[in-house]
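Only one structure is covered here, and it is reproduced in the block below.
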Amino acid sequence: YVGDIGDNNAVRPDITVYRVPEPAVDLAGPPVDLDLPGAEALVFTYPKGQAADAETLLVDPVRGDLCVVAKRLDGLAEVHCAAAPLTSGPLTLATTAEVGNLATGGSVSPDGRLVAVRTYLDARLWRRDLDMPLASAFASPDCPLALVIEMQGESLEFAADGLGYFTVSEGANPALHAFRRQ
């Protein structure tokens, strides 16, 4: 999933999320350029035609639901979601969550039990009951995650084994920071 969801001026009536099957990649082999057939563009609208600036796209690996976390200065971010099976259409306001000022990225662990959201200055982690929708994680207590301050840190992704996470900044040749769970 790749989200065209940013909207610094909060004027766009809709957002687009691209879904494409992940290709098999030989990690031991040389870099390759691949065509990615089967890509779909899913167009979502916020409730009541409103617009929102967002940079955090979360996709639930267990249920298949999708959530977009708004980027707000006051840290009280609206979490808009669409239930699986995903098709173009309206998003629903699922909750308002205290995620910190200006949420810039986030991820759901491969097993779906952890949800993380980062800002420019910090990152937080929530545990999630797999019997509940993804947005319900934000009702549980959060805990801080280690984070290196990056010039424009806007990415956080769980490792494939679920035992750590990575962050990276925007720009040419930024450092990739790896964090392992203790």
Can you classify the stretch 48-120 as rounded, prolate or oblate using the Cα gyration tensor, where a ≥ b ≥ c are the square roots of its eigenvalues, rounded means a/c under 1.5, and otherwise it's prolate if a/b beats b/c and oblate if not?
oblate
Solvent accessible area, Å² - Leu57, 1.4 Å probe, full protein context
40 Å²
What's the whole-number percent of alpha carbon pairs in the chain lying beyond 24 angstrom?
37 percent
Accessible area per residue in Å² at 1.4 Å probe, computed on the stretch 1-104
56 Å²
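What is the percent carbon and sulfur in the accessible area of the chain, measuring with a 1.4 Å probe over the protein chains and ignoring ligands?
Whole-percent figure for carbon plus sulfur exposure: 56.
Among DSSP beta bridges whose residues both lie in the chain, state the antiparallel percentage, nearest 5.
Numbers: 46 of 48 bridges.
Once the DSSP bridges in the chain are tallied, antiparallel ones form about 95 percent.
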Environment charge of Gly171, counting only residues whose C-beta is closer than 15 Å and scoring Lys/Arg +1, Asp/Glu -1:
-3
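Based on the Cβ-Cβ distance from Asp4 to Asn101, what FRET efficiency comes out when R0 is 35 Å, to the nearest 0.05?
Plugging the Cβ-Cβ distance into 1/(1 + (r/R0)^6) gives 0.90.
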Using each residue's phi in the stretch 2-17, evaluate 6.51 cos²θ - 1.76 cosθ + 1.60 at θ = phi - 60° and report the 3J(HN,Hα) Karplus result to the nearest Hz, with x for Gly and Pro.
10, x, 9, 10, x, 6, 3, 8, 6, 10, 6, x, 8, 10, 10, 10
Residue span Val11 to Val25: 0.36 nm per residue of separation minus Cα-Cα distance leaves a gain in nm of 1.2 nm
Among Thr87, Ala97, Val117, which residue has its Cα positioned farthest towards the positive end of the charge dipole of the stretch 1-139, with +1 placed on the Cβ of Lys and Arg, -1 on the Cβ of Asp and Glu, and the dipole taken about the Cα centre?
Ala97
Largest fluctuation, Leu156, Leu86, Leu58 only, Gaussian network model of the chain with Cα springs under 10 angstrom, belongs to Leu86
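The values are calculated or read from the model by the stated rules, or taken from the named source; none is laboratory data. From a predicted model like this one, the values you see are computed outputs, not experimental measurements. We place every Cβ from the backbone using ideal geometry, glycine too, and count neighbours over all the protein chains shown. In case anyone asks, the SASA skips ligands and DNA or RNA and just uses the protein heavy atoms, side chains included. Shrake-Rupley method; radii C 1.70, N 1.55, O 1.52, S 1.80 Å.
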